[in-house]
Amino acid sequence: MPVAIERPASLDQLSAAIAGARSKGLPVRVAGAGHSFSDIVCSDGLLLKLDRMAGVLDIDRSAGLVRAQGGITLRELSRRLVAEGLALANQGDIDVQTLAGAISTATHGTGARLPNISAQVAELKLVLADGSTLVCSSTREEAAFRAARVALGSLGAIAEVTMRCVPAFTLRGVDAPAPLADTLERFEELALGNDHFEFFVFPHAKTALTRTNNRSEEEPRPRGRVRAYADDVLLTNHAFELLCRTGRRFPARIPQINRLVTRLAGSRERVDRSAEIFATPRLVRFTEMEYALPRERTPEAVRSVMEVIEQRGFAVPFPIEVRTVAPDDAFLSTAAGRESGFVAVHMYRQMPWQPYFRAVESIMLKLGGRPHWGKRHFQMAATLRPRYPDWDRFQAVRARMDPDGRFANPWTERVLGAVGVPDAVGEPSG
């Protein structure tokens, strides 16, 4: 339980809150939208919520640069961008996260030629442990910039973010079933042949549910409210929730249920603004683990996960999700320095997830995997360090910017190690 929770409404108030915590010897963590599956934000010190720092501060349309406060959600940012004829170049299928939280955990969408959200950042303004501010970019405090873009809240509080945006664009989204074997065989072709490609596959099924989103010169054709509610809420969420509950109560029927869901999934096409195509409501509760892999190892990873589910008899009512991301240069980005594929596994609420996730993690680690920072994993600093070529460079920046570990908590101690001890061994998450 935090000693105190504060909701600053300005940069000055944020600086004063952090300086005040330092004078009292309190650790500090900054909460985003509460979307992470881990204990990354939990604190017994000062917990900061930036929901009152959620505005757009400046828009340079000619340069495509937009400066916003860290507490703005991706949904609200996208809404403001549309009004200005701009858009994010890429984003994930969930838009409830805060901008600062999405950046800090290397949140991503899909697109083999498009990097994650943190790589779209042009400049950051952070409040440091003493309450002072630091502005960093690729030309100003470059090492700090490469560290702070994916810093897990361990360097300071992200007060402001300048994003590189693009002119607003339309996407044609096509969902269609396809044979899993063919999809895996053509994975590189499909990833490179579309602006955005991903697929889902339910355990025990042989059909992939593919999703391609490509830029279109057509005018957006928004759905009516009734149609959107039927598609996104009644079918995608309420009907799926019912099937998950059935599987939880009768685990032996999950293979049959999964094959039924796959057969019922038809094809559909939408043409709309990019943000409307990217994001969909997620009302069914679950927990998740996701790993980034060298892209060429992705099909092998999917096959192995499908096999281990069959061999170990895991009851899994949720599909496996597969995406791609372009490389970037943030020190702790999950896609740092390599073309990446992402494989995500999920478990419905109140169902055992640890045995399944541990088995999947074993597969991913053998294939050079890096865990998504905002999701479940069982790694610690000593096992993560070899997976990031710039791990020690990040730790050097961390030791300089937060030498007393003001922004540390048990999660950072476990995953990043103690400040100044890059491979300190912590206890893995239970």
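The values are calculated or read from the model by the stated rules, or taken from the named source; none is laboratory data. If you're wondering where the values come from, they're calculated on a predicted model, not measured in any experiment. Using ideal geometry, Cβ is built from the backbone for each residue, glycine included, and neighbour counts are taken over all protein chains shown. The area values use the complete protein model at the heavy-atom level, side chains included, leaving out ligands, DNA and RNA. Shrake-Rupley method; radii C 1.70, N 1.55, O 1.52, S 1.80 Å.
General remarks:
- Checking the stated criteria, VAL82 turns out to be farther than 17 Å from LEU50 by Cβ and either within 15 Å of the chain's Cα centre (by Cα) or not in a loop (DSSP other than H, G, I, E, B) (or both).
- Selection of the range 321-336 for residues being surrounded by fewer than 24 Cβ atoms within 10 Å (Cβ to Cβ) and in contact with a His (Cβ under 8 Å, 6 or more places away or on another chain) yields only GLU321.
- Of the residues making up the range 243-268, those that are modelled with pLDDT under 95 and surrounded by fewer than 16 Cβ atoms within 10 Å (Cβ to Cβ) are LEU260, ARG263, LEU264, GLY266, SER267, ARG268.
- Residues located in the range 179-193, provided they are closer than 22 Å to LEU114 by Cβ and either charged (D, E, K, R) or touching a residue at least 24 places away in the same chain (Cβ under 8 Å) (or both): THR183, LEU184, ARG186, PHE187, GLU188, GLU189, ALA191, LEU192
- Qualifying positions in the range 7-33 - buried (at least 18 other Cβ atoms within 10 Å of the Cβ) and closer than 26 Å to LEU57 by Cα: PRO8, LEU14, SER15, ALA17, ILE18, VAL28, ARG29, VAL30, ALA31, GLY32, ALA33
- A single entry from ARG215, ARG113 fulfils the requirement of being open to solvent by 10 Å² or more (accessible area, probe 1.4 Å) and assigned to a strand (DSSP E or B): ARG215.
- When residues of the range 118-142 are limited to those that are under 18 Å from SER333 (Cα atoms) and among the hydrophobic types (A, V, I, L, M, F, W, C), the one farthest from the chain's Cα centre (by Cα): CYS136
- Pick from the range 407-420, criterion under 25 Å from SER132 (Cα atoms) and free of Cβ contacts under 8 Å to residues at least 40 places away in the same chain, ranking: surrounded by the fewest Cβ atoms within 10 Å (Cβ to Cβ): GLY420
- Any hit, the range 212-227, residues being under 25 Å from the mean Cα position of the chain (by Cα), modelled with pLDDT of 95 or more and of a type in the set (D, E, K, R): yes
Conditions (1) among the charged types (D, E, K, R); (2) over 30 Å from PHE250 (Cα atoms); (3) without any contact (Cβ under 8 Å) to a residue 60 or more places away in the chain, marked per residue:
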{"site": "PHE318", "(1), (2), (3)": "no, no, no"}
{"site": "ALA326", "(1), (2), (3)": "no, yes, no"}
{"site": "GLY337", "(1), (2), (3)": "no, yes, yes"}
{"site": "MET351", "(1), (2), (3)": "no, no, no"}
{"site": "MET364", "(1), (2), (3)": "no, no, no"}
{"site": "PHE394", "(1), (2), (3)": "no, yes, no"}
{"site": "GLY405", "(1), (2), (3)": "no, yes, no"}
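- Where a residue in the range 203-215 is farther than 23 Å from SER274 by Cα and its partner, wherever it lies, is open to solvent by 40 Å² or more (accessible area, probe 1.4 Å), with Cβ under 6 Å and at least six apart: ALA205/ARG259; THR207/PRO177
- Filtered residues of the range 341-358 (kept if open to solvent by less than 10 Å² (accessible area, probe 1.4 Å) and either of a type outside the set (Gly, Ala, Ser) or touching a helix residue (DSSP H, G or I) at 6+ places or on another chain (Cβ under 7 Å) (or both)): GLY341, PHE342, VAL343, VAL345, MET347, TYR348, TYR356, PHE357
- Listed by first and then second residue, the pairs linking a residue in the range 5-27 that is more than 13 Å from ALA157 (Cβ to Cβ) and aliphatic (A, V, I, L, M) to a residue that is open to solvent by less than 90 Å² (accessible area, probe 1.4 Å) and part of a loop (DSSP other than H, G, I, E, B), with Cβ atoms under 6 Å apart and 6 or more places separating them unless they lie on different chains, are LEU26/GLY45.
- Subset of the range 276-316 (residues that are touching a residue at least 12 places away in the same chain (Cβ under 8 Å), closer than 18 Å to ILE254 by Cα and among the small types (Gly, Ala, Ser)): ALA315
- Lone unmet requirement of (1) of a type outside the set (Asp, Glu); (2) farther than 23 Å from GLU276 by Cβ; (3) touching a Phe, Trp or Tyr at 6+ places or on another chain (Cβ under 9 Å) for LEU242: (3)
- Restricting attention to the range 288-301, the residues being surrounded by fewer than 22 Cβ atoms within 10 Å (Cβ to Cβ) and of a type in the set (Val, Ile, Thr) number 0.
- Of the set (1) crowded, with 21+ Cβ neighbours inside 10 Å; (2) part of a helix (DSSP H, G or I), all apply to LEU209 but (2).
- Qualifying residue in the range 26-38 (condition: β-branched (Val, Ile, Thr) and under 30 Å from MET289 (Cβ atoms)): yes
Conditions (1) within 25 Å of VAL3 (Cα to Cα); (2) of a type outside the set (Phe, Trp, Tyr); (3) surrounded by 23 or more Cβ atoms within 10 Å (Cβ to Cβ), marked per residue:
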site	(1), (2), (3)
ASP39	yes, yes, no
GLY45	yes, yes, no
GLY55	no, yes, no
GLY64	no, yes, no
ARG75	no, yes, no
ASN90	no, yes, yes
ILE94	no, yes, no
THR98	yes, yes, yes
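- Here ASP130 passes the criteria (1) open to solvent by less than 10 Å² (accessible area, probe 1.4 Å); (2) under 30 Å from LYS24 (Cβ atoms) except the one numbered (1).
- Screening the candidates ALA129, ALA159, ALA144 for the property of being in a loop (DSSP other than H, G, I, E, B), modelled with pLDDT of 95 or more and touching a helix residue (DSSP H, G or I) at 6+ places or on another chain (Cβ under 9 Å) yields one hit, ALA129.
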